[in-house]
Amino acid sequence: MSDKPITVLLVEDNPLYSRLIKRLLDQSKRPAFAVVIVDRLSAALQRLAGGGIDIVLLDLMLPDSEALDTFYRVRAHALDIPIVIESALDDVSMAAKAVEGGAQDYLLKDRINGVSLVRSIRYAIERTRARAAEWSSATFHLAQQQFLKAAHIVDLDDNVRQRLLFPEHAQIAALPFKRDGGNQIETVFAYRVQHVLGMGPTKGGLRYHQDVGLGEVAALAMWMTWKCALMNLPYGGAKGGVRVDPYALSSDELQRLTRRYTSEFINIIGPEKDILAPDMGTNEQTMAWIMDTYSQHVGHSVPSVVTGKPIVLGGSLGRKEATGRGVVYLVEESCRHLGLDIGQCTAVVQGFGNVGMHAALFLAECGAKVVAVSDVVTGVYNPDGLPVAELRDYVAEHGSLKACPFGEAIENRAMLELPCDILAPCAMQHQITADNARRIDCKILAEGANGPTTLEADEILKDRRIFVLPDILANAGGVTVSYFEWVQGTQNYMWPLEQINDRLRDILTDAFGRTLRRAETAKTDMRTAAMIEALQRVGAANLLRGIFP
Ligand code: NAD
């Protein structure tokens, strides 16, 4: 479920119940609901035809229809929309029949309360999505199309192409975890996907987000494979996810969820199998819980099952800021290539979390004027430049950029179209699309986020000669320092920060140079060039290892 409210069509002719249900839904903040009330079947069908309904709460006994007929007629008009039946006590068997016929759930009107109502709605939407859309995701489609384009250019062996188009391992779990107080247990969908097992252990982050699905995690795992190969790191790609809104959970709840996630996937993770790291919605603390749970399970401390962990537990200096730092090292290289002086550049950064905030800080450190930043709540714009360190402190204190006093509020979409030299999308996928690519007004697009640009947008940016630092290059600083952390763990020896940053710069600069040369020789864009570099390594390894037996 995304951040926008869930639109509920409430079909109920008794005003007593419709008022009660609306009041209960209005009280919920995460998720928030928009409730549309109708009291006739005819009005319900008309409203469904207008679109935009996420779920139907349905009373079966209406003035113009009754019993199961009501359900079947609604279902015929809303095949993909979950339906939850509201039932009176004496109608339970009819409600149960509707569930057999495809309704997601039924609620007893006389026992309705806020928790059961919200949960029933959430689960109904989850179940419908889980059935319909696990693999079919726009993000996975994007990752596959990018791969196929590069595979075609390098004439990749067809057997290898087929092998790489889908992940080798994908595991789904329905995870239970206890909420605080009372005895409420939530069940959420969780994923771990390992794309390529032949390059060494697999490596990839863990994302907590209310929209995560198998397809998205598979795409992210695939991009990890290319990223590691481009950086010459001895890993295949992996990714994990839990479909949950982490900001709606307490720290204790997050801990129970994380420990359960670890135990659910314990057989497929490990320092020589699959190593986790933070991604959206997870952080150092999450990694500490995973490490502890894994270590408890095997009976001794195993820090290297995760990277991005706290320094006192064996984390690496410089890991937390590595992705943002890497983005800026590569922006510096791009400026050199394009003949720009970074000290004279303006920058816009979308996303003010781990990647975006550090990217903005390092851009400012290099002398660039950061004129706008944003988080999920709002953007902040100041044409004279924003004080990034003060913004960081503001967010640490207030939780978001909302009402921050350093500039005027700007909507995320509008912010992406501000004129600037450097635009760094560091939040979500699918931000630059065919819709807005013609209005993007920057010289360098530095993709701190994974998958922020669609294929159609790529073509438009290419025509407009915008220099794209593709995600598998631009945000590879994170996995590179994760690799350093893993190596330090096996050496039991800590490297100084200066050495880490120097090595990071060397690896990124080398990958940038190879990608640029490849783009020139293959007469292609930077994304495809980076993919070709990566594919050649993975393809060669695949052929050399062959297929067992
Ligand atoms: P994070 O959770 O620390 O921060 C995400 C930021 O994006 C937050 O400020 C959030 O408010 C904002 N955001 C979320 N949805 C948004 C939206 N729809 N519009 C605008 N802003 C929105 O996550 P992160 O670790 O910084 O990851 C951000 C991106 O970078 C993801 O695509 C992730 O896969 C990628 N990435 C992260 C790392 C890493 O080391 N953390 C490494 C490589 C790539």
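Bear in mind these aren't lab numbers, they're just calculated from the coordinates by the rules spelled out. Because the structure is a prediction, the values reported are computed rather than measured. Backbone-built Cβ (ideal geometry, glycine too); neighbour counts: all protein chains shown.
Here the calculated FRET efficiency for residue 30 and residue 544, from their Cβ-Cβ distance with R0 = 56 Å, stands at 0.65, rounded to the nearest 0.05. For a Förster distance of 35 Å, can you work out the FRET efficiency between the beta-carbons of residue 506 and residue 382, rounded to the nearest 0.05? Plugging the Cβ-Cβ distance into 1/(1 + (r/R0)^6) gives 0.50.
Kirkwood analysis of the stretch 461-549, using all unique Cα-Cα pairs, places the hydrodynamic radius at 15.1 Å. Computed from Cα positions, the angle between helix 322-338 and the longest principal axis of the chain comes to roughly 60 degrees.
Put in line by how crowded their Cβ is, counting other Cβ atoms within 10 Å and starting with the fewest, 71, 467, 166 read 166, 467, 71.
Per the Debye formula on identical point scatterers at the alpha carbon atoms of the stretch 102-152, with no solvent, log10 I(q)/I(0) at q = 0.12, 0.16, 0.20, 0.29 Å⁻¹ is -0.47, -0.61, -0.75, -1.04. Sorting 94, 224, 526 by the number of Cβ atoms found within 10 Å of their own Cβ, with the fewest placed first, yields 94, 526, 224.
May I ask for the Rg/Rh ratio of the stretch 398-514, computed from Cα atoms with Rh as the Kirkwood radius, given to two decimals? Radius of gyration relative to Kirkwood radius: 1.07. Per q in 0.07, 0.08, 0.11 1/Å, what log10 I(q)/I(0) does a Debye calculation on the alpha-carbon atoms of the chain return? Ignoring solvent entirely, the Cα scatterers give -0.44, -0.57, -1.02. The alpha carbon centroids of the stretch 436-477 and the stretch 204-278 are separated by 25 Å.
When the convex hull of the Cα atoms of the stretch 37-126 is projected onto a plane and the area is averaged over all directions, what value comes out in nm²?
Details: hull surface 21.8 nm².
Answer in nm², one decimal: 5.5.
Let me have the 222 nm mean residue ellipticity of the chain computed from DSSP H runs of 4+ only, each contributing -39500 (n - 2.57), with the sum over all residues rounded to the nearest 500. That calculation yields -14500 deg cm²/dmol at 222 nm. The stretch between residue 521 and residue 492 holds 6.2 nm of extra length on full extension. This uses 0.36 nm per residue minus the Cα-Cα distance. Distance between the pseudo-spin-label points of residue 251 and residue 430 (7 Å out from Cα toward the beta carbon): 3.5 nm.
What fraction, in whole percent, of alpha-carbon pairs in the stretch 315-390 exceed 20 Å separation? In whole percent, the long-distance tail amounts to 28. Exceedance of the 18 Å cut-off in Cα-Cα distance is limited, within the set 149/523; 149/462; 4/29; 178/273; 22/178; 203/239, to 178/273; 22/178. With kT/(6 pi eta Rh) evaluated at 4 °C and eta = 1.567 mPa s, and Rh the Kirkwood radius from Cα pairs, the stretch 218-264 diffuses with a coefficient of 103 µm²/s according to Stokes-Einstein. Summarised as an ellipsoid, the stretch 158-241 has semi-axes of 30, 13, 10 Å, derived from the eigenvalues of the Cα gyration tensor scaled by 5 and square-rooted, with the largest first.
When only the Cβ of Lys, Arg, Asp and Glu is charged (+1, +1, -1, -1), the dipole of the chain relative to its Cα centre reaches about 780 debye. Restricting the calculation to alpha carbons of the stretch 355-458 gives Rg and Dmax of 13.1, 39 angstrom.
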